[in-house]
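Trainee: Here you go, one structure.
The values are calculated or read from the model by the stated rules, or taken from the named source; none is laboratory data. Note that this is a predicted model, so its numbers are computed, not measured. So basically every Cβ, Gly included, is an ideal-geometry build from the backbone, and we count neighbours across all protein chains shown.
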Amino acid sequence: MAEGVFDGFGHAPLSTLTWGRPDERAHQPGFVAFDGTTPIDGGNPARMVFVMHAECTFLPRELASLHALGMGLRDEWALAPYGIDDATDAFFERRLVPKDFLWLAADNLNALVWGLHDWAHFHNHGPFEERAMTELQCDVSALVWLLMNRDAIGLAGDALDRVIAQMKTISKARFESEGKPFTAPYFDRRELEKLCVAHVVE
């Protein structure tokens, strides 16, 4: 990874993220609490939101129930989906640890992947002078977390390989848009496994 692009702006080490999804026991038989088949794309992920469990008046917010369905959320506030950059800036300026304020609600694989990607952003504030490289490293952080927690999530090996391939396509397009060569070995399953051994990610 390019030194200084990502870790050079890290103001807090990546911390534990609490992830919630609908409870199958609270719904009718056949209800799917987590859809692990959704394709990974670059659009705004549906049914993904960071729910606030502490006072966050310094962040733009909306009702969590507008974005997280089937979880019994009513009056809880959540980070407004358009406020990812605002949160990244605010946590950096105040030197706050994101886990003390937010948890992730996501009921499908695409939402979970981009939630993890954004979680990495919250811990690393920078000028975005090299967007493709910065985004790449958030992608890799999300993939490492998925790999280390695949059993708890319920991801089969082929599902994870599909996510890796789709994330690689998205990352490659970013580099091409900047007119830069795309050389990213971290979209290889073996390279990700090396990172899993080298770093403890919860």
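Trainee: Applying the selection to segment 113-148, what residues are buried (at least 22 other Cβ atoms within 10 Å of the Cβ) and of a type in the set (D, E)?
Mentor: Within segment 113-148, D118, D139 meet the criteria.
Trainee: Give S177, S171 a once-over and let me know the one that is surrounded by fewer than 17 Cβ atoms within 10 Å (Cβ to Cβ), over 11 Å from the mean Cα position of the chain (by Cα), over 24 Å from M52 (Cβ atoms) and small (G, A, S).
Mentor: On the way: S171 fails: surrounded by fewer than 17 Cβ atoms within 10 Å (Cβ to Cβ).
The match here is S177.
Trainee: I've got another one for you. For D151, are the conditions met, namely being crowded, with 19+ Cβ neighbours inside 10 Å, assigned to a helix (DSSP H, G or I), modelled with pLDDT under 95 and at negative phi?
Mentor: Details: crowded, with 19+ Cβ neighbours inside 10 Å: no; assigned to a helix (DSSP H, G or I): yes; modelled with pLDDT under 95: yes; at negative phi: yes.
For D151, the condition - crowded, with 19+ Cβ neighbours inside 10 Å, assigned to a helix (DSSP H, G or I), modelled with pLDDT under 95 and at negative phi - is not met.
The rows are residues; the columns are (1) more than 17 Å from E55 (Cα to Cα); (2) touching a His at 6+ places or on another chain (Cβ under 9 Å); (3) charged (D, E, K, R).
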site: G72; (1), (2), (3): yes, no, no
site: L79; (1), (2), (3): no, no, no
site: D85; (1), (2), (3): yes, yes, yes
site: R94; (1), (2), (3): no, no, yes
site: A120; (1), (2), (3): yes, no, no
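Trainee: Which of (1) under 20 Å from T37 (Cβ atoms); (2) not in a helix (DSSP H, G or I) does P181 not meet, given it meets every other one?
Mentor: Going through the list (1) under 20 Å from T37 (Cβ atoms); (2) not in a helix (DSSP H, G or I), P181 breaks only (1).
Trainee: Can you tell me which residue is nearest to L155 (Cα to Cα) among those in segment 92-112 that are surrounded by fewer than 18 Cβ atoms within 10 Å (Cβ to Cβ) and of a type in the set (K, R)?
Mentor: R95
Trainee: May I ask you to list the residues in segment 65-86 that are charged (D, E, K, R) and assigned to a loop (DSSP other than H, G, I, E, B)? Talk me through it step by step, then tell me what you get.
Mentor: Going residue by residue through segment 65-86, those that are charged (D, E, K, R) are 74-76, 85-86.
Answer for segment 65-86, where residues must be charged (D, E, K, R) and assigned to a loop (DSSP other than H, G, I, E, B): R74, D75, E76.
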